[in-house]
Each structure stands twice: as C-alpha cells, then as structure tokens.
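The values are calculated or read from the model by the stated rules, or taken from the named source; none is laboratory data. For clarity, every value in this text was computed on a predicted model and none was experimentally measured. Heads up, the Cβs are rebuilt from the backbone with ideal geometry, glycines too, and the neighbour counts pull from every protein chain shown. The area values use the complete protein model at the heavy-atom level, side chains included, leaving out ligands, DNA and RNA. Shrake-Rupley method; radii C 1.70, N 1.55, O 1.52, S 1.80 Å.
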Amino acid sequence: MVIQYKCPNCGDDMAFDSESGKLTCGSCGRTESIEDFSDEYITTRFSVDEAKEYVCNNCGAAVITDADTSATSCSFCGAAVVLADRVSGIHAPDMVIPFQISKDEAIQAFKKWCKNGRLTPTGFMSADRIKSMTGIYVPFWIYDLHSIAKVKARATRVREYTQGNYIYTETKYYDVHRKIDLTFNKVPVDASEKMNDDLMDKLEPYDYGSLKDFKTPYLAGYLAEKYNYDNKELFPRVKSKVSSYIDRYISSTISGYSSVRYEEKRVDTKETKAHYVLLPVWMVYYDYDKQEHTFAMNGVNGKVVGKPPLSMAKVSAWFGSIAAATFIAAKVLTLIVGGDIW
C-alpha cells in the first residue's frame with residue numbers, strides 16, 4: 001500500500017519538514033501538525049505485488065523499490081510516498097527520531113567538515129563534488145540490558161623499604177572477589193543489511209530525548225529502510241558492544257594493587273527490553289579523483305563520519321615538521337647541558 005499526504009489547501013503532496021517538525025506543502029507553504037492531520041487528506045492505494053512494485057497516486061507511474069524500502073519518492077513526479085505495509089505488523093517501528101537538520105543545512109555542515117581536514121587534498125576540501133545527499137531513516141534496535149559479572153582474581157601489593165644496609169621487597173597477596181550488577185539503557189545496533197555497521201556505530205550518540213511515537217508522516221519526503229535482522233538475531237552484537245564497558249568497569253573496582261591476575265570472569269548479559277526505532281541519517285556520496293567516497297551524517301547533530309582521502313604531500317610535510325621540531329628541541333636541550341649535536 002502506498003500512502004501520500006495531500007495538502008488540504010491546494011491538493012499537492014506534503015512532506016515532513018525537519019525545521020518545523022510538521023508536514024509542509026512545497027506548493028502553497030501550508031503546514032500541518034502530524035498529530036492532528038486528518039485522515040481525509042491521506043490517500044492510499046494497494047498493490048498486488050507488495051515486494052517490488054507500487055503505483056504512485058499522483059501520476060500513475062510504477063514506483064519500483066527493493067524489498068527493504070519503506071519510504072521513497074516517485075521517480076517521475078517526485079511525490080513523497082510511504083509504503084505502509086512495510087511499516088506495519090511486525091515491521092512497525094515503535095519510535096522514531098525525526099530529522100532535525102534539513103538538506104541545505106546538511107550540505108553546509110558537510111562542506112564545513114571537509115574544510116577542516118588538515119591532511120586531505122586541497123581539491124577535496126573545496127567540497128564542490130557532492131554527487132548526492134540522501135536522507136534515510138535507518139532501522140535500529142535499541143536495547144535495555146542487565147549484566148551480572150562474577151570475578152575472581154589474584155592481586156599483589158609490592159613495597160620496597162630500606163633497613164640498615166639492606167633493601168627489602170615485601171609482597172602481599174590478596175584474593176579478590178567481585179559481584180557486579182550493571183544496567184544499560186538504549187544501546188543502539190543498526191538492523192539494516194545495507195548499512196556499514198562501523199559507520200553507523202560512529203554516528204552515535206543520538207539524542208534519545210527526541211524519540212517520538214512512530215507515525216508514518218515523519219517518513220514523507222525521505223527514504224526509509226525496514227529491518228533485516230530482528231532483536232534476537234542482533235543480540236550477540238549488542239552483547240559484544242557492551243563487553244568493553246563491562247571490562248573497564250570491573251577494572252575500575254580493582255584498583256590500588258601492583259598487579260592483578262584474573263582467575264575467573266563470568267559475565268551474564270540479558271535483554272530486558274528492545275525497541276525497533278528509525279534514526280535519521282544523511283548519506284553523502286562524494287566524487288573525488290575518479291572515486292566515490294561515502295560518508296554518513298547524524299541527522300540530529302550533524303556529526304560526520306567516514307574516511308576522507310589523504311594528501312601524501314601534506315602527510316609528508318606534517319611528519320617533517322614533527323621531525324624538525326624534535327631535532328630543534330634536542331639541540332636546545334643539548335646546548336643547555338653543554339653538549340653539541342651538529
């Protein structure tokens with residue numbers, strides 16, 4: 001089923017506006033609250049083949065999508081459409097963080113980020129080769145977790161002291177036991193097969209205070225994906241994601257010793273709750289030096305992640321400046337103590 005939101009004033013299509021947080025008509029400028037938008041102006045149409053092809057209510061053209069897309073736009077008339085059957089039933093998101101950065105703002109933020117690259121080529125820093133910038137709601141599971149860690153370790157404290165003509169080393173041994181109870185709230189893991197996991201992880205943190213109950217109008221005007229993996233399939237990944245935090249916390253509770261050797265460390269992590277949410281991401285595709293570079297931007301705070309190209313000339317100059325500074329510092333130190341290195 002295709003959903004489109006029609007302007008009550010002029011009948012044109014409306015899309016979600018990140019600045020106002022409302023549905024906005026591009027033709028007459030009318031805005032409508034998502035919560036109060038009347039069903040009278042929501043048009044729907046069912047398709048026989050729900051997997052690949054839908055029909056645009058505006059122009060009658062076929063809207064072709066892959067099986068994971070849940071919001072898109074018509075390639076012929078540009079109308080924003082939401083594929084409702086892809087965001088219903090088991091694929092209905094619990095919550096969504098709406099886009100808070102518009103496309104124009106995202107472009108300016110990306111250009112500013114490019115200009116700050118100290119080791120990137122000058123041509124890349126001009127940021128004038130943006131091939132496309134696409135707003136996508138990426139499917140995530142956010143988990144509430146409860147972990148219990150049981151630890152047994154052997155620790156030592158070493159003390160040296162002088163008595164008469166002798167230096168003594170005193171070593172005391174301790175059996176250390178810990179039972180630690182930890183709670184994690186809203187740990188995100190992306191659930192899209194297409195998205196690079198490392199890229200999505202680096203976009204954190206998101207402002208979970210901006211979470212809203214899911215309503216389809218938030219997707220109008222953007223692309224959206226439905227999840228490929230459910231919360232049970234992704235549990236091993238979220239468990240691995242918090243393991244480093246657990247290890248650091250355990251270490252912080254065993255301090256003041258000269259050495260610590262773990263004899264037993266058992267961590268039991270369980271899911272207490274998981275929510276399916278859609279988080280806003282601007283995907284930036286940038287052409288430089290006959291290659292396409294992919295970057296992602298947090299649609300709430302404008303954080304950009306990705307690997308820009310490096311200028312080998314700038315890298316060499318940077319290392320050269322470090323070497324020169326080190327040499328000069330060594331020369332000054334040598335002169336102070338009375339030596340010479342020339």
Neighbours by Cβ (under 7 Å, 6+ apart or cross-chain): first from segment 32-51, within 18 Å of residue 16 (Cα to Cα) and of a type outside the set (Asp, Glu); second assigned to a loop (DSSP other than H, G, I, E, B) and modelled with pLDDT of 80 or more
34/215; 41/8
Have a look at 232, 194, 239 and point out the one that is modelled with pLDDT under 95, over 30 Å from residue 156 (Cβ atoms), among the basic types (Lys, Arg) and open to solvent by 70 Å² or more (accessible area, probe 1.4 Å).
194
Which of the residues that make up segment 177-208 are of a type in the set (D, E, K, R), touching a Pro at 6+ places or on another chain (Cβ under 9 Å) and outside any helix (DSSP H, G or I)?
190, 204
Just to verify a result, which residue in segment 12-37, among those that are among the small types (Gly, Ala, Ser) and open to solvent by 40 Å² or more (accessible area, probe 1.4 Å), is nearest to residue 97 (Cα to Cα)?
20
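Let's see how each residue does on (1) more than 24 Å from residue 239 (Cα to Cα); (2) open to solvent by 60 Å² or more (accessible area, probe 1.4 Å); (3) in a strand (DSSP E or B):
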site	(1), (2), (3)
273	no, yes, yes
277	no, no, yes
282	yes, no, yes
287	yes, yes, yes
300	yes, no, no
Matching residues in segment 211-223 - criterion: being open to solvent by 20 Å² or more (accessible area, probe 1.4 Å) and of a type outside the set (Lys, Arg):
211, 213, 214, 216, 221, 222, 223
What number goes with the only condition from (1) at pLDDT below 90; (2) open to solvent by less than 90 Å² (accessible area, probe 1.4 Å); (3) assigned to a strand (DSSP E or B); (4) not hydrophobic (A, V, I, L, M, F, W, C) that residue 143 does not pass?
(1)
Residue list for segment 86-131, restricted to those being part of a helix (DSSP H, G or I) and modelled with pLDDT of 85 or more
103, 104, 105, 106, 107, 108, 109, 110, 111, 112, 113
Looking at segment 242-253, I want the residues that are part of a helix (DSSP H, G or I) and have a partner that is of a type in the set (Phe, Trp, Tyr) and open to solvent by less than 50 Å² (accessible area, probe 1.4 Å) with Cβ atoms under 8 Å, at least 6 apart or on another chain. Which pairs are those?
242/184; 245/184
Kindly establish whether residue 150 is closer than 30 Å to residue 139 by Cα, open to solvent by 30 Å² or more (accessible area, probe 1.4 Å) and modelled with pLDDT of 95 or more.
no
